[in-house]
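Comments concern the structure below.
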Amino acid sequence: MHFKVEKTGCSVRKGRVQIRYCLYLDPNDYGYEKHYVQVPIVPEEGYQGKVGKMGEPIDQKDYNKWFKALPTKMQNNPFHNHFVQLEPDIVDAEILYVGEVALIESKRNWDKDEYVGIKNIPIKKIIPTFERTVECEAKLLDINSKTLEKKDVVDIWAQ
(Lines give C-alpha, C1' and ligand atoms only; values in the text may rest on other atoms or scores of the structure.)
Protein backbone atom coordinates (compact mmCIF):
# COMPACT_ATOMS: atom_id res chain seq x y z
CA MET A 1 0.00 0.00 0.00
CA HIS A 2 1.13 3.53 -0.63
CA PHE A 3 -0.02 7.13 -0.61
CA LYS A 4 0.73 10.46 -2.15
CA VAL A 5 -0.23 14.03 -1.44
CA GLU A 6 -2.66 15.16 -4.15
CA LYS A 7 -1.88 18.80 -4.84
CA THR A 8 -5.31 19.59 -6.30
CA GLY A 9 -6.81 18.87 -2.87
CA CYS A 10 -4.44 21.11 -0.95
CA SER A 11 -5.70 24.53 0.11
CA VAL A 12 -6.14 26.83 3.06
CA ARG A 13 -9.05 25.73 5.25
CA LYS A 14 -10.05 26.66 8.78
CA GLY A 15 -6.97 28.88 8.98
CA ARG A 16 -4.65 25.95 8.36
CA VAL A 17 -3.05 24.12 5.46
CA GLN A 18 -5.38 21.41 4.16
CA ILE A 19 -3.66 18.38 2.70
CA ARG A 20 -5.31 15.67 0.62
CA TYR A 21 -3.83 12.20 0.80
CA CYS A 22 -4.68 9.71 -1.96
CA LEU A 23 -4.45 6.22 -0.49
CA TYR A 24 -3.68 3.35 -2.86
CA LEU A 25 -3.68 -0.41 -2.73
CA ASP A 26 -0.89 -2.51 -4.19
CA PRO A 27 -1.52 -5.57 -6.40
CA ASN A 28 -1.20 -8.01 -3.47
CA ASP A 29 -3.58 -6.05 -1.21
CA TYR A 30 -7.12 -7.24 -0.50
CA GLY A 31 -9.60 -5.69 -2.94
CA TYR A 32 -6.98 -4.22 -5.28
CA GLU A 33 -9.05 -5.23 -8.32
CA LYS A 34 -11.89 -2.95 -7.17
CA HIS A 35 -9.77 0.15 -7.82
CA TYR A 36 -7.50 -1.04 -10.62
CA VAL A 37 -9.91 -0.17 -13.39
CA GLN A 38 -10.09 0.50 -17.09
CA VAL A 39 -10.59 4.17 -17.96
CA PRO A 40 -10.94 5.97 -21.29
CA ILE A 41 -8.09 8.05 -22.65
CA VAL A 42 -9.79 11.34 -23.48
CA PRO A 43 -7.79 13.39 -25.98
CA GLU A 44 -6.61 16.82 -24.85
CA GLU A 45 -8.93 18.55 -27.31
CA GLY A 46 -11.90 16.62 -25.90
CA TYR A 47 -15.13 15.95 -27.73
CA GLN A 48 -15.17 17.73 -31.11
CA GLY A 49 -18.87 17.46 -31.86
CA LYS A 50 -21.36 20.29 -31.41
CA VAL A 51 -21.81 21.45 -27.83
CA GLY A 52 -24.15 23.83 -26.04
CA LYS A 53 -23.33 26.95 -24.02
CA MET A 54 -22.31 24.90 -20.99
CA GLY A 55 -20.16 22.52 -23.05
CA GLU A 56 -22.73 19.73 -23.06
CA PRO A 57 -23.01 17.65 -26.24
CA ILE A 58 -25.93 18.58 -28.50
CA ASP A 59 -26.16 15.08 -29.98
CA GLN A 60 -25.94 12.66 -27.04
CA LYS A 61 -25.93 9.59 -29.32
CA ASP A 62 -22.92 10.96 -31.22
CA TYR A 63 -21.14 11.74 -27.95
CA ASN A 64 -21.84 8.24 -26.59
CA LYS A 65 -20.49 6.71 -29.82
CA TRP A 66 -17.35 8.89 -29.60
CA PHE A 67 -16.83 8.07 -25.93
CA LYS A 68 -17.28 4.32 -26.43
CA ALA A 69 -14.68 4.34 -29.23
CA LEU A 70 -11.97 5.97 -27.09
CA PRO A 71 -8.91 3.85 -26.30
CA THR A 72 -8.60 2.76 -22.68
CA LYS A 73 -5.89 2.12 -20.14
CA MET A 74 -5.73 0.46 -16.75
CA GLN A 75 -5.46 2.86 -13.83
CA ASN A 76 -5.01 2.38 -10.09
CA ASN A 77 -7.50 4.71 -8.41
CA PRO A 78 -7.25 5.55 -4.70
CA PHE A 79 -9.34 3.36 -2.43
CA HIS A 80 -9.76 6.40 -0.18
CA ASN A 81 -8.92 10.11 0.00
CA HIS A 82 -8.20 11.61 3.39
CA PHE A 83 -8.07 15.32 4.24
CA VAL A 84 -6.36 16.95 7.21
CA GLN A 85 -5.79 20.53 8.27
CA LEU A 86 -2.30 21.18 9.63
CA GLU A 87 -0.27 24.09 10.92
CA PRO A 88 1.69 25.99 8.26
CA ASP A 89 5.04 25.30 9.96
CA ILE A 90 4.68 21.54 9.49
CA VAL A 91 7.72 19.84 7.97
CA ASP A 92 7.72 17.21 5.22
CA ALA A 93 8.55 14.36 7.61
CA GLU A 94 5.43 15.17 9.65
CA ILE A 95 3.28 15.40 6.53
CA LEU A 96 4.49 11.94 5.50
CA TYR A 97 3.92 10.56 9.00
CA VAL A 98 0.30 11.81 9.07
CA GLY A 99 -0.25 10.23 5.64
CA GLU A 100 1.20 6.93 6.80
CA VAL A 101 -1.06 6.83 9.87
CA ALA A 102 -4.12 7.67 7.72
CA LEU A 103 -3.20 4.92 5.25
CA ILE A 104 -2.66 2.28 7.91
CA GLU A 105 -5.90 3.09 9.75
CA SER A 106 -7.96 3.27 6.54
CA LYS A 107 -6.46 0.01 5.25
CA ARG A 108 -7.34 -1.77 8.50
CA ASN A 109 -10.99 -0.82 7.97
CA TRP A 110 -10.81 -1.71 4.25
CA ASP A 111 -9.49 -5.18 5.05
CA LYS A 112 -12.50 -5.80 7.34
CA ASP A 113 -14.98 -4.45 4.74
CA GLU A 114 -15.82 -1.61 7.12
CA TYR A 115 -16.31 2.07 6.38
CA VAL A 116 -12.87 3.26 5.33
CA GLY A 117 -13.07 6.87 6.50
CA ILE A 118 -11.31 7.65 9.73
CA LYS A 119 -12.00 10.61 12.01
CA ASN A 120 -9.46 13.35 12.59
CA ILE A 121 -9.13 15.00 15.97
CA PRO A 122 -11.56 17.95 15.81
CA ILE A 123 -9.93 21.36 15.45
CA LYS A 124 -11.21 24.86 16.01
CA LYS A 125 -11.36 27.18 13.08
CA ILE A 126 -8.74 29.89 13.25
CA ILE A 127 -9.69 33.32 12.01
CA PRO A 128 -6.56 33.96 10.00
CA THR A 129 -4.53 37.09 10.26
CA PHE A 130 -2.75 38.45 7.21
CA GLU A 131 0.50 36.93 8.47
CA ARG A 132 -1.07 33.51 9.01
CA THR A 133 -2.60 33.56 5.54
CA VAL A 134 0.82 34.38 4.08
CA GLU A 135 2.35 31.47 6.05
CA CYS A 136 -0.33 29.05 4.82
CA GLU A 137 0.02 30.19 1.20
CA ALA A 138 3.81 29.85 1.43
CA LYS A 139 3.43 26.29 2.74
CA LEU A 140 1.06 25.46 -0.12
CA LEU A 141 3.65 26.72 -2.61
CA ASP A 142 6.25 24.56 -0.90
CA ILE A 143 4.00 21.48 -1.03
CA ASN A 144 3.20 22.13 -4.71
CA SER A 145 6.91 22.36 -5.54
CA LYS A 146 7.63 18.73 -4.69
CA THR A 147 6.30 15.21 -4.68
CA LEU A 148 5.28 13.94 -1.25
CA GLU A 149 4.55 10.23 -1.22
CA LYS A 150 5.48 7.04 0.54
CA LYS A 151 5.60 3.64 -1.10
CA ASP A 152 5.63 0.18 0.41
CA VAL A 153 3.99 1.23 3.68
CA VAL A 154 3.79 -1.66 6.14
CA ASP A 155 1.50 -1.78 9.15
CA ILE A 156 4.10 -2.78 11.74
CA TRP A 157 1.38 -2.97 14.41
CA ALA A 158 -0.72 -5.50 12.47
CA GLN A 159 -1.46 -8.70 14.28
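The values are calculated or read from the model by the stated rules, or taken from the named source; none is laboratory data. Please read these numbers as outputs of a predicted model, since none were measured by experiment. Here the Cβ positions follow ideal geometry from the backbone for every residue, glycine too, while neighbour counts run over all protein chains shown.
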Taking the range 66-78 and keeping residues assigned to a loop (DSSP other than H, G, I, E, B) and not polar (S, T, N, Q) leaves L70, P71, P78
By residue number, the members of the range 51-84 that are at pLDDT below 95 and under 25 Å from the mean Cα position of the chain (by Cα) are none
When restricted to Y47, Y63, Y30, Y21, the only residue in contact (Cβ under 8 Å) with a residue 40 or more places away in the chain, of a type in the set (S, T, Y) and either more than 25 Å from V153 (Cβ to Cβ) or in a loop (DSSP other than H, G, I, E, B) (or both) is Y30
Note on G55: of the conditions (1) loosely packed, with under 11 Cβ neighbours inside 10 Å; (2) in the same structural domain as R132 (by TED's automatic domain parsing); (3) at positive phi, unmet is (2)
Conditions (1) exposed (fewer than 15 other Cβ atoms within 10 Å of the Cβ); (2) more than 23 Å from V37 (Cα to Cα); (3) of a type in the set (F, W, Y) -> F83 fails only (1)
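Could we say that K139 is touching a residue at least 24 places away in the same chain (Cβ under 8 Å) and farther than 12 Å from L23 by Cβ here?
Yes; evaluated as a whole, the condition is true for this residue.
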All conditions in (1) part of a loop (DSSP other than H, G, I, E, B); (2) touching a Pro at 6+ places or on another chain (Cβ under 9 Å); (3) loosely packed, with under 15 Cβ neighbours inside 10 Å are true of I123 except (2)
Among the residues of the range 100-107, is any assigned by TED's automatic domain parsing to the domain that holds N120, assigned to a helix (DSSP H, G or I) and within 30 Å of F130 (Cα to Cα)?
no
